[in-house]
Amino acid sequence: RRVLIWLAARLPAGMMPDHLTLIGILGATMVGAGYMLSNRNEDWLLLAIGGLVVNWFGDSLDGTLARYRRIERPRYGFYLDHLTDAYSTIMIGVGLGLSPYMLLAVGMAIVIAYLVLSINVYLETHVFGRFEAAYGALGPTEIRILLIVLNLAALLSVPVRFSVLGLTLTAFDIVGLAIVAGMGMLLAQRVSRNLRVLAAAEPPGRQREVGDE
């Protein structure tokens, strides 16, 4: 967070949050293209690595810059930020699934899990009137760093393939499945907590009184 504030303070005056959002979208597109093109040559993983850095820069700094300059647009930012996050996740997940390093089923599972988590956040925002995006300590920055490490390992020809029950998996598949499993557990915890709170506020069988909201 300190690094982001340091960067925001040094950005040109003409650089606006929407410009950074576009940079983040460009980075995600670079990642997806790099993974898909790695079917031709593994050197295209360098494009994916560069795209991850560009995506981090734009996606992490747009909101930081708005808050630093006190030019927030809460509803506009909420809408645009989550829309672009969904696009970035789809590009990266599908790109990985269409690369030689991850099964398409695993890539799509990551995308679906992310979108389900996002839907839960939107429902919470509507029902409870509060926004709570974080699900755990492993955030987008840590996942990007992990992908960069795996990309470098693939470029250096480090063995990253496994055979599980006759199915050939890579380190990308193992990490992807672990992320999906983690997302599932975090979602289950949040859903369970939310339902307990809502059930206490609206117990079953309670007759509504006139004036109840």
- Query: Within the chain, which DSSP H helices have Cα atoms that stretch 18 Å or more along the helix axis and a mean Kyte-Doolittle hydropathy of at least -0.5?
  - Reply: 17-37, 45-69, 74-97, 104-128, 140-155, 171-201
- Message: Leaving out ligands, DNA and RNA, and with a 1.4 Å probe, what % of the accessible surface on the chain is carbon or sulfur?
- Response: 68 percent
- Extreme residue, positive dipole direction of the chain, given options Val164, Val106, Met185 (C-beta unit charges): Met185
- Message: Net charge around Ile110, counting only other residues with Cβ within less than 15 Å of its Cβ (Lys, Arg = +1; Asp, Glu = -1)?
- Response: -2
- Message: Need one number: nm distance between label points at Arg75 and Arg10, each 7 Å from Cα along Cα→Cβ, rounded to one decimal.
- Response: 3.7 nm
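Suppose all protein chains stay in the model; what accessible area per residue would a 1.4 Å probe give for the range 1-100, in Å²?
Numbers: 5580 Å² over 100 residues.
Heavy-atom accessible area per residue stands at 56 Å².
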- Query: With a sphere of radius 10 Å drawn around the Cβ of Gly63, what net charge do the other residues whose Cβ falls strictly inside it have (Lys, Arg +1; Asp, Glu -1)?
  - Reply: -3
- Task: For the range 147-190 and the range 50-73, compute the distance between their C-alpha centroids and round to whole Å.
- Result: 28 Å
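Tell me, what is the percent relative contact order of the range 19-126, built from C-alpha pairs under 8 Å that lie six or more residues apart? It would help to have the intermediate numbers written out before the result.
Working: 128 pairs, mean separation 32.8, N = 108.
Reported relative contact order: 30 percent.
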- Could you pull the Cα extents of the chain along its three principal axes, largest to smallest, in whole Å? 69, 55, 24
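The values are calculated or read from the model by the stated rules, or taken from the named source; none is laboratory data. This structure is a prediction, so every number in the text was calculated from the model and none was measured. Cβ: placed from backbone, ideal geometry, glycine included. Neighbour counts: every protein chain shown. The area values use the complete protein model at the heavy-atom level, side chains included, leaving out ligands, DNA and RNA. Shrake-Rupley method; radii C 1.70, N 1.55, O 1.52, S 1.80 Å.
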